[in-house]
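Scroll down for the structure; my scribbles are underneath it.
The values are calculated or read from the model by the stated rules, or taken from the named source; none is laboratory data. If you're wondering where the values come from, they're calculated on a predicted model, not measured in any experiment. Using ideal geometry, Cβ is built from the backbone for each residue, glycine included, and neighbour counts are taken over all protein chains shown.
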Ligand code: SG5
Ligand code: ZN
């Protein structure tokens, strides 16, 4: 379903508006976050992650990123607190990254990119019956964004990088049970928050973004394993390396970014 889109010259972010006019809408993501322009909001509580009985099922290459999917038929893995009025269920997480370590994140901070960005996608199962319904509602989704910076090896990212070779091609899927993404988060969850959109088509304006200020550290070697994935299917003749799968920052259009501290 939908129209083919990607991150190349012909099908990348600069042409998404042709098939998805909301690309030029009033609450698009990502954005450049300018820390001194964010307003501290003392009413913003801490983010609470309840991922304890962890429900990961599988890891997949969807032709745009590598995605870890979760069982989401009940509230075993939820995010709450912060700007959210009720718990939101974890659906999946995925990454965006560059071809070089100098870019790759979707959000930028004062114009600076990180090497990669992790997105934990949650939906409002209190108000909506399905993920699909939530994905089109203004308060339907909550995405937690985590920056990745290069440095030392990350102790827990190996669980993912070690299985990436099994999902090299678009459409490949591998069992991935019992992984708790809490191990991928930095120790401080201070954040910025604003109202935005999915960063990929269909670009629905349905996301409460929660972007964590502190990055996690991963090694160049670990990031290199993501770049061995390909956008293309196993049956296709050409192999296009999966990298630079990020959308650049979009106009703020008067939105306010709030800060938790
Ligand atoms: C939706 O938007 C999509 C994701 C997509 C993000 O959440 O969800 C669905 O279509 C239903 C599962 O696509 C998938 O999860 C396909 C399995 O994520 C991607 O395509 C990976 C880049 C985009 O989410 S984001 O705004 O957090 N980047
Ligand atoms: Zn994403």
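Within the option set 246, 231, being under 15 Å from the mean Cα position of the chain (by Cα) and at pLDDT 95 or above holds for one residue only, 246.
Among the residues of segment 95-114, those identified as within 16 Å of ligand 1 (Cβ to nearest atom) and either in contact with a helix residue (DSSP H, G or I) (Cβ under 6 Å, 6 or more places away or on another chain) or not in a loop (DSSP other than H, G, I, E, B) (or both) are 95, 96, 97, 108. Of the residues making up segment 213-229, just one is crowded, with 21+ Cβ neighbours inside 10 Å and over 13 Å from residue 116 (Cα atoms), namely 229.
Among the strands (runs of 3 or more DSSP E) lying completely within segment 1-90, list those that include at least 2 residues that are more than 15 Å from ligand 2 (Cβ to nearest atom). Walk me through it before giving the result.
On the way: elements: 47-50, 56-61, 66-70, 78-81.
Correct list: 47-50, 56-61, 78-81.
Would you call residue 182 within 15 Å of the chain's Cα centre (by Cα), loosely packed, with under 15 Cβ neighbours inside 10 Å and at pLDDT 95 or above? Against the criterion (within 15 Å of the chain's Cα centre (by Cα), loosely packed, with under 15 Cβ neighbours inside 10 Å and at pLDDT 95 or above), residue 182 qualifies.
Suppose the filter is within 25 Å of residue 88 (Cα to Cα), out of contact with any helix residue (DSSP H, G or I) (no Cβ under 8 Å at 6 or more places or on another chain), part of a loop (DSSP other than H, G, I, E, B) and away from ligand 2 (no atom under 16 Å from the Cβ); does residue 189 pass it? Full working, then the answer.
On the way: within 25 Å of residue 88 (Cα to Cα): yes; out of contact with any helix residue (DSSP H, G or I) (no Cβ under 8 Å at 6 or more places or on another chain): yes; part of a loop (DSSP other than H, G, I, E, B): yes; away from ligand 2 (no atom under 16 Å from the Cβ): yes.
For residue 189, the condition - within 25 Å of residue 88 (Cα to Cα), out of contact with any helix residue (DSSP H, G or I) (no Cβ under 8 Å at 6 or more places or on another chain), part of a loop (DSSP other than H, G, I, E, B) and away from ligand 2 (no atom under 16 Å from the Cβ) - is met.
Screening residue 78 with (1) more than 13 Å from ligand 1 (Cβ to nearest atom); (2) surrounded by fewer than 20 Cβ atoms within 10 Å (Cβ to Cβ); (3) touching a residue at least 12 places away in the same chain (Cβ under 8 Å) gives one miss only, at (2).
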